Every structure is written in C-alpha cells, then in structure tokens.
Amino acid sequence: MSQLSTRHLLGIKDISPEDIQLIFETADNFKEVLNRPIKKVPSLRDITIANIFFENSTRTRLSFELAEKRLSADVVNFSSSTSSVKKGETLIDTVNNILSMKVDMVVMRHSSPGAPHFLARNITANIVNAGDGTHEHPTQALLDAFSIREKLGDVAGKKIAIIGDILHSRVALSNIFCLQKLGAEVMVCGPTTLIPKHIVSLGVKVEHDVEKALQWCDVANVLRIQLERQQIKYFPSLREYSLYFGINKKMLDRLDKEIVIMHPGPINRGVELNSDVADSEHSIILQQVENGVAVRMAVLYLLAGVK
C-alpha cells in the first residue's frame, strides 16, 4: 500500500489499520530527515496549506506549521480572533475565501464536533482535522501510538490506560480507535463523573482506582482536566482530584514493573501529574512532541498525493 484510502484525515474512525501503518512508515523516514543537519525536503514545494484555527492552540499549531515548512509547503495562518468571523462571516464563506487564493489543503481546529466533516462535503481541498470539539484529534492519536511503537517496539498486545478527563477529551476517543485498530487493549480511568456512560460499548475496560490502572497497564496516557469545556462541577476541587487521581513518583515506585508515562499537553503540574513523574525516566512526553512533527509531515505528504 503506497497511498491512503481517503482524501481527508477527519478522524481515526474513518481510516484503516493499513492507513495507520503507512503513516507510521512514512513518519519513520521523515524522522530521519528531522535528525539531519538540513531538516528540510522539497516534497510539497508546489502545495499551499492553510492552518485555520477557531480555538486556541500552541503545540498542535506550531507542530503543523513546522511540519509544513519542513516539507517546503507555502503556509497561510488564519486565526478567528482577528478575522471577519467576528463580523458574522460563516465558516463556509471564510474557507471559500481562503480557497479562492488557490489553497490546496486545510488544517482546521474548531470547537464544533463535525466541522471538518462539513467542510469535506462542501469544498475540494484536502482537510486535516486538528481537533473538533470533544469529538476527535486524529494526529494526536497517531503520534501517541507512533511514540508507543518507538518505545516498546510494537503497539499490538500492549495494555494502555487513558487516565483523566475522558468525557471532554477528543484525544481519548481518537486514541481508543487508533490503539484498538493496532491491536492494543485499552482501559479508561477517572472519576465516575468524567467517564462517559456508554464508553464500554467501545470495547474498553473502565477503572476508577488509579493505582489499579497503573498496575494493569504498560503505558499510562494521562489527560488534563479540561475546565474550559466544563459547564458544571464534576468534582469538588482540583486539590481533591489531585489527591485521588493525580500520579506521583511514589505510586510508580510501588509498582512491580516499569511503565511508560505519556501526556498530550499542556500538563497541569501538581494536578494530574507531579513534576517528579513528568520529568522522570518513565516519561516520553518530549518524545511525543518531537514525533508529532514527523507524523504530521507524513499525514500532509500522503494526503497531498490523494486527489
């Protein structure tokens, strides 16, 4: 297989295990490029990519922009806070105006679930979903799984615990789909109020005791509490959440095995992770950031070849 089966990357649910493996193999090659003295290739020299972000972002936006520039693409950055969206312009009008400037590909983050799918039905450019509401964040799941593969040799057969705010996390859903397609077992762990009621229908285990989850897993992917998405209080206080669900070095030292700690960022230090864990030898958080550029290079390169 040398080409993706889809024109867009809207979600992990929409792609095949073969697509994921092709992205990983391509990312392996681009990671070699990123470790060269000259970290740039002319692969997308004739492609123009628009980064359209309707939500705040630091890591994802920088990672995509760097990936695009490493591929020699022309890059247009759009921020809704300084655009005509503030004057009432619709999403489709905004994007069509950008496309009329001969843009080939759109990377979009939006607060509304399904916004990238809506665009894919209405415009001709390739669409990459950089996060849509609490729905999916496919490139984050891909880079997480790529990092597990790099650290442990394979994803198949591994036990992955996703710990934290599962209810509001697009990262959790994309990770569940991706890890299962690659043959991993998945557990979610957190307060009862932050675990979706029907998540067991996705074939995951559910645990409410963090120490039991850590004892079970090979990898713990720890998520932050997304207070900006919460309309009501799901637990009494951050201090109490940290007391019952925060992970510290003493907990890891009590385990009878070594596990890997991951986090998609940003980290709320002292809440879901203590610094003695985030900065420990267990952590591959910075490797995730590095791998994010290679994986996004792979996604953009492969999508550019599908018309």
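The values are calculated or read from the model by the stated rules, or taken from the named source; none is laboratory data. The structure displayed is predicted, hence computed values, not measured ones. All Cβ positions, glycine included, derive from the backbone under ideal geometry; neighbour counts span all protein chains shown. Just the protein is used for accessible areas: all its heavy atoms, side chains included, with ligands, DNA and RNA removed. Shrake-Rupley method; radii C 1.70, N 1.55, O 1.52, S 1.80 Å.
Couple of notes before you dig in:
- First in segment 141-152 and closer than 13 Å to S174 by Cβ, second anywhere and in a helix (DSSP H, G or I) and among the charged types (D, E, K, R), Cβ under 8 Å, 6 or more apart: L143/R296
- The set of residues from segment 139-171 being touching a Cys at 6+ places or on another chain (Cβ under 8 Å) and assigned to a helix (DSSP H, G or I) comprises A141, L142, D144, A145.
- For segment 196-206, the set of residues classified as under 20 Å from F245 (Cβ atoms) and surrounded by fewer than 19 Cβ atoms within 10 Å (Cβ to Cβ) consists of P196, K197, I199, V200, K205, V206, listed by residue number.
- Of the strands (runs of 3 or more DSSP E) lying entirely inside segment 194-307, those containing at least 1 residues that are more than 19 Å from the chain's Cα centre (by Cα) and at pLDDT 95 or above are 205-207.
- Residues in segment 181-194 that are out of contact with any strand residue (DSSP E or B) (no Cβ under 6 Å at 6 or more places or on another chain) and open to solvent by 10 Å² or more (accessible area, probe 1.4 Å): K181, L182, G183, P191, T192, T193.
- Exactly one residue out of E290, E272, E281, E258 is surrounded by fewer than 20 Cβ atoms within 10 Å (Cβ to Cβ), closer than 29 Å to N129 by Cα and among the acidic types (D, E), and it is E290.
- P113 vs. criteria at pLDDT below 95, closer than 24 Å to H263 by Cα and of a type outside the set (S, T, N, Q): yes
- Scanning segment 156-173 for residues that are more than 19 Å from K13 (Cα to Cα) and open to solvent by 10 Å² or more (accessible area, probe 1.4 Å) gives G157, K158, K159.
- Residue check: I176 meets all listed conditions (1) free of Cβ contacts under 8 Å to residues at least 40 places away in the same chain; (2) open to solvent by 10 Å² or more (accessible area, probe 1.4 Å); (3) within 28 Å of D28 (Cβ to Cβ); (4) not in a loop (DSSP other than H, G, I, E, B) but one, namely (2).
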